[in-house]
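S.K.: Please read through the structure below; I'll follow up with questions.
The values are calculated or read from the model by the stated rules, or taken from the named source; none is laboratory data. Computed from a predicted model, the values in this text were never measured in an experiment. Positions of Cβ are generated from backbone atoms using ideal geometry, with glycine treated the same way; all protein chains shown enter the neighbour counts.
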Amino acid sequence: MRIAALVSALWREHFRSTVVVLETLAVALFVGIVLDPRVSHEWDYVALALNPAIVVLAAVSTGFIIGRNADEKMDILVLKAGKVRYYLAVVIVAILVTTFWMTVIGAYIHLAIRLPNPVTPGAPGRLVLSLGGSMLVVVSLFVLFSTLTGRPIEPIVAVILLVLSLGSFETEPWRRLTVLLPPLVENARAAIGLGQPQWLRCLAYSAVVLSLGLARFLRREFIWS
Amino acid sequence: METLVEVSGLSKRYPGSSEWALRDVSVAFRRGEVYGLVGQNGAGKTTLLRLILGLLRPTSGKIGFQQGVRIGYVPERPAFYTSFTVREYLNLTGRSMGIGGRNLAGQVDEVLATVDLVGKANARIGTLSRGMLQRLGIAQAVLGDSDFIIMDEPAAGLDPLGQRGIRELIVNINRRRKTILFSSHYLAEIERVCHRVGIIHRGRLVLDRNLDDLVREYRGKFEIETDAEPRTLERELLGFGFQFESDGRRVRFQNMDDDRYFALMRLLHDRGIRLLGLRHSALLLEDTFLSVTGSRGDEE
C-alpha cells in the first residue's frame with residue numbers, strides 16, 4: 001500500500017505538471033513525422049521505428065520524474081515510507097509513464113496506420129517483448145546514473161555504454177564484454193524478426209543495474225545545499 | 001524519564017572536507033521534553049538532526065532508538081508538491097506510513113485542527129503563505145502519532161505573530177507527552193518553550209543543561225551601575241559581606257539569592273546611592289551562549 005500510494009502520488013504529480021506538455025509534443029512530433037498516417041508503412045518499418053522511440057521516451061520520462069522528485073521533497077517521503085519503497089516507487093512510475101506513452105503510440109498505430117501487408121503471427125508479441133525489455137534497461141540505467149542515487153555518475157560512461165551496445169562483438173575475447181552492455185540492438189533486430197527478443201537478458205540486466213542503484217541510494221547522503 | 005533517542009560520540013565529516021561538521025556529540029532525548037538546540041550558522045545543528053534521522057551517515061559514533069519510537073521531521077525549508085491540496089499531501093504522507101481508510105481520514109482531520117489549517121484543507125499547497133507551509137510541515141510530522149518530533153528552525157523567516165504561533169504549537173504538541181527537538185536562532189523562543197537546551201559550537205556540544213537549572217544559576221548573576229565613587233561603593237559592599245567584581249562604575253554579582261538582592265537594594269537606598277542601571281536574567285541564554293562560545297558581536 002505504501003508503494004502504491006507513492007506511485008499514485010508521483011504519477012498524479014507528473015501528469016499535473018507542464019512536463020507532460022513537452023512529452024505530448026515529443027510524441028506528436030514522432031508520430032507526425034515518422035508514422036505519417038497519410039502514407040502506408042510496412043510492419044518492419046513501424047517495429048524498427050518504435051525501438052529508438054522507446055529508448056528516448058524511457059530516458060526522457062525517467063529523467064523528468066527524477067529531476068522533479070529527487071530534491072528536498074524526497075526527505076519527508078523517504079522518512080515516512082522508507083528508502084527502499086521510495087526508490088521502487090520512482091522506478092515503477094518511470095516504467096508506467098513510459099508504458100503510457102507507448103500505449104498512446106500503439107493505439108495511434110492501430111487506429112491510424114495502414115499496413116499494406118498482413119502482420120506475421122507472433123510479430124506483435126516479439127515487438128512488445130523487445131520494447132518492454134529495452135524500456136526496462138533504459139529506465140534502470142537512467143535511474144542508476146541519476147541524482148536520485150547520489151552524486152550523478154559521469155554521463156560520458158552512459159554514452160560509452162550505449163555506443164558500445166550499438167557495436168557487434170563477435171570475436172573473442174570481446175564477445176564476453178557484451179554481458180556488460182544493454183541488448184538494445186539485439187532487441188531492435190528481434191522486433192523485425194532477426195533473432196529473438198532478449199527479454200530475459202534485459203530482465204537480468206535491469207535487475208543488476210537497479211540493485212546497484214538501490215545500493216547507492218541506501219548509502220547516499222541527503223544533502224541539498 | 002525514559003530515553004527515546006540516545007546519541008553517543010557522534011562525529012561527522014562530509015566527503016571532501018577536512019573539517020569536522022560534528023565532533024564527539026553525546027546527548028539523550030527523553031520522553032515528554034522539549035529540547036532546544038542553539039548554535040550559529042554552520043555550527044552543526046542541522047547535521048546533528050539529519051544524522052539522527054538517518055538522512056546522513058555518521059563518520060563515527062552511535063545513535064540508539066527506543067524500540068518502536070515513531071519519528072516525525074519538519075525540515076528547515078519544507079518542500080511539498082505544490083499541485084497537491086493540503087489534504088492530498090497529508091493523505092500521501094499518511095499512506096506512505098501505512099495508515100489507510102477511515103483511520104487516516106480521522107488522523108488527518110485531527111492534525112489539521114492541531115495546526116489550525118482546517119480552513120485550508122482543500123487549498124493547493126502552492127497558494128499557502130510561509131507560515132501555513134510551516135504549519136503543514138508540522139502537521140505531516142505529527143501525523144501517525146509521532147513520539148519524537150524533530151524540527152529544524154521551525155520559526156525561521158516568520159513574522160513575530162507566526163513565531164508565536166509556532167511556539168504555541170510546540171507547547172500544545174508537547175502537552176501530549178511528545179518529545180520535541182528543535183533548533184533555533186531565536187534564543188527568546190528557546191527560553192520560552194524548552195525544558196533543556198543544548199548549545200553547539202563548531203561541531204561540539206558545549207552545553208547541555210536543564211533550562212530551570214540555568215535560570216536558577218543565572219538569577220543570582222546581575223550587574224549594576226551606580227553614581228557612587230567606585231572605591232566608596234566597594235568599601236560599603238565589602239563591609240556588608242557581598243561578593244562581587246568591579247570595573248569602576250559597573251559591579252557584577254554572582255550567587256545572589258533573593259534576600260541578599262534586597263539587602264543590596266536597601267544598602268544603596270540607605271547610603272543615598274543612585275542606581276543608574278541593572279542588567280538581569282532577561283539575557284540569560286544570550287549571555288550563556290556568548291560565554292560558552294566565546295563569541296563577540298563583531299566576530300561573524
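Residue-by-condition table, conditions (1) at the interface with chain A (Cβ under 9 Å from one of its Cβ atoms); (2) closer than 30 Å to residue B:159 by Cα:
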{"site": "B:68", "(1), (2)": "no, no"}
{"site": "B:73", "(1), (2)": "yes, yes"}
{"site": "B:92", "(1), (2)": "yes, yes"}
{"site": "B:98", "(1), (2)": "yes, no"}
{"site": "B:110", "(1), (2)": "no, yes"}
{"site": "B:120", "(1), (2)": "no, yes"}
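S.K.: Here's another thing I want to ask about it. Which condition breaks for residue B:24 when tested against (1) touching a Gly at 6+ places or on another chain (Cβ under 8 Å); (2) more than 8 Å from chain A (Cβ to nearest Cβ); (3) outside any strand (DSSP E or B)?
M.R.: All conditions pass for residue B:24, except number (3).
S.K.: For residue B:177, are the conditions met, namely being among the charged types (D, E, K, R) and in a helix (DSSP H, G or I)?
M.R.: On the way: among the charged types (D, E, K, R): yes; in a helix (DSSP H, G or I): no.
Judged against the criteria, residue B:177 is not a match.
S.K.: What pairs can you find where one residue is in region A:13-39 and under 17 Å from residue A:62 (Cβ atoms), the other is among the aromatic types (Phe, Trp, Tyr), and their Cβ atoms are less than 6 Å apart, with a gap of 6+ or different chains?
M.R.: A:13/B:81; A:19/A:64; A:27/A:101
S.K.: Yes or no: residue A:55 within 14 Å of chain B (Cβ to nearest Cβ), of a type in the set (A, V, I, L, M), crowded, with 16+ Cβ neighbours inside 10 Å and in a helix (DSSP H, G or I)?
M.R.: no
S.K.: I've got another one for you. Quick check, is residue A:9 under 20 Å from residue A:139 (Cβ atoms) and more than 9 Å from chain B (Cβ to nearest Cβ)? Please lay out each step first, then the result.
M.R.: Numbers: under 20 Å from residue A:139 (Cβ atoms): yes; more than 9 Å from chain B (Cβ to nearest Cβ): no.
When the stated conditions are applied, residue A:9 does not pass them.
S.K.: Name every residue in region A:156-173 that is among the polar types (S, T, N, Q) and at pLDDT 70 or above, in order of residue number.
M.R.: Taking region A:156-173 first, the residues among the polar types (S, T, N, Q) are A:165, A:168, A:171.
Matches in region A:156-173: A:165 only.
S.K.: Another question about this same structure. Within region B:149-189, work out how many residues are surrounded by fewer than 22 Cβ atoms within 10 Å (Cβ to Cβ) and hydroxyl-bearing (Ser, Thr, Tyr).
M.R.: Adding up the residues that qualify gives 1.
S.K.: Restricting to region B:176-231, name every residue that is in contact with a strand residue (DSSP E or B) (Cβ under 8 Å, 6 or more places away or on another chain) and among the β-branched types (Val, Ile, Thr).
M.R.: B:179, B:180, B:190, B:193, B:197, B:199, B:200, B:206, B:224, B:226
S.K.: Something else: Could you check region B:143-170 and list, in sequence order, the residues that are within 13 Å of residue B:115 (Cβ to Cβ) and part of a loop (DSSP other than H, G, I, E, B)?
M.R.: The answer is B:143, B:154.
S.K.: Would you confirm, using the coordinates I've provided, whether residue A:176 is basic (Lys, Arg), at pLDDT below 75 and either in a helix (DSSP H, G or I) or over 27 Å from residue A:220 (Cα atoms) (or both)?
M.R.: Values: basic (Lys, Arg): yes; at pLDDT below 75: yes; either in a helix (DSSP H, G or I) or over 27 Å from residue A:220 (Cα atoms) (or both): yes.
So residue A:176 passes the test.
S.K.: Looking at region A:62-73, I want the residues that are in contact (Cβ under 8 Å) with a residue 60 or more places away in the chain and among the hydroxyl-bearing types (Ser, Thr, Tyr) and have a partner that is crowded, with 21+ Cβ neighbours inside 10 Å and in a helix (DSSP H, G or I) with Cβ atoms under 7 Å, at least 6 apart or on another chain. Which pairs are those?
M.R.: A:62/A:94; A:62/A:139; A:62/A:142; A:62/A:143
S.K.: Checking residue B:43 against (1) over 20 Å from residue B:187 (Cα atoms); (2) part of a loop (DSSP other than H, G, I, E, B), which test does it fail?
M.R.: Only one criterion is unmet by residue B:43, namely (1).
S.K.: Still on this structure, I have one more. If you go through region B:47-60 one residue at a time, do you hit one that is part of a helix (DSSP H, G or I), at the interface with chain A (Cβ under 7 Å from one of its Cβ atoms) and more than 21 Å from residue B:3 (Cβ to Cβ)?
M.R.: Checked against the condition, which is being part of a helix (DSSP H, G or I), at the interface with chain A (Cβ under 7 Å from one of its Cβ atoms) and more than 21 Å from residue B:3 (Cβ to Cβ), region B:47-60 yields no hits at all.
S.K.: Mind checking which residues of region B:221-280 are closer than 25 Å to residue B:291 by Cα, assigned to a loop (DSSP other than H, G, I, E, B) and in contact (Cβ under 8 Å) with a residue 12 or more places away in the chain?
M.R.: If the condition is that a residue be closer than 25 Å to residue B:291 by Cα, assigned to a loop (DSSP other than H, G, I, E, B) and in contact (Cβ under 8 Å) with a residue 12 or more places away in the chain, then B:221, B:242, B:243, B:248, B:249, B:254, B:255, B:256, B:257, B:280 are the ones that fit.
S.K.: Here's something else I'd like to know. Mind telling me which of the residues A:10, A:22, A:29, A:48 ends up being at pLDDT 95 or above and assigned to a helix (DSSP H, G or I)? Don't jump to the end; show me each part of the working.
M.R.: Numbers: A:22 fails: at pLDDT 95 or above; A:29 fails: at pLDDT 95 or above; A:48 fails: at pLDDT 95 or above.
After ruling out the rest, the residue left standing is A:10.
S.K.: Still on this structure: Does residue B:25 satisfy the condition of being in contact with a His (Cβ under 7 Å, 6 or more places away or on another chain), in the same structural domain as residue B:173 (by TED's automatic domain parsing), over 30 Å from residue B:124 (Cβ atoms) and at pLDDT 95 or above? Show your work before the answer.
M.R.: Working: in contact with a His (Cβ under 7 Å, 6 or more places away or on another chain): no; in the same structural domain as residue B:173 (by TED's automatic domain parsing): yes; over 30 Å from residue B:124 (Cβ atoms): yes; at pLDDT 95 or above: yes.
Here the answer is no, as residue B:25 does not meet what is asked.
S.K.: Also, I was wondering about something else. Consider residue B:13 against the criteria (1) more than 10 Å from chain A (Cβ to nearest Cβ); (2) closer than 29 Å to residue B:168 by Cα: it satisfies all of them except one. Which criterion is unmet?
M.R.: For residue B:13, the failing item is (2).
S.K.: State which residue is nearest to the chain's Cα centre (by Cα) when the search covers only region A:184-225 and only residues that are of a type in the set (Phe, Trp, Tyr) and under 26 Å from residue B:14 (Cα atoms).
M.R.: Looking only at region A:184-225, we keep the residues that are of a type in the set (Phe, Trp, Tyr), and these are A:199, A:205, A:217, A:222, A:224.
Add one more test, that the residue is under 26 Å from residue B:14 (Cα atoms), and what stays is A:217, A:222, A:224.
On the way: A:217: 19, A:222: 26, A:224: 27 Å.
Across region A:184-225, the extreme among qualifying residues is A:217.
S.K.: Working carefully through the options A:27, A:78, A:93, find the one that is more than 14 Å from every other protein chain (Cβ to nearest Cβ) and either surrounded by fewer than 19 Cβ atoms within 10 Å (Cβ to Cβ) or touching a helix residue (DSSP H, G or I) at 6+ places or on another chain (Cβ under 6 Å) (or both).
M.R.: On the way: A:78 fails: more than 14 Å from every other protein chain (Cβ to nearest Cβ); A:93 fails: more than 14 Å from every other protein chain (Cβ to nearest Cβ).
Every option except A:27 fails the conditions.
S.K.: Any idea how many residues of region B:79-90 are within 14 Å of residue B:138 (Cα to Cα) and within 7 Å of chain A (Cβ to nearest Cβ)?
M.R.: Within region B:79-90, residues that are within 14 Å of residue B:138 (Cα to Cα) and within 7 Å of chain A (Cβ to nearest Cβ) number 2.
S.K.: I'd like the residue in region A:32-43 that is outside any helix (DSSP H, G or I) and out of contact with any Leu (no Cβ under 8 Å at 6 or more places or on another chain) and, out of all such residues, is nearest to the other protein chains (Cβ to nearest Cβ).
M.R.: Selected residue: A:35.
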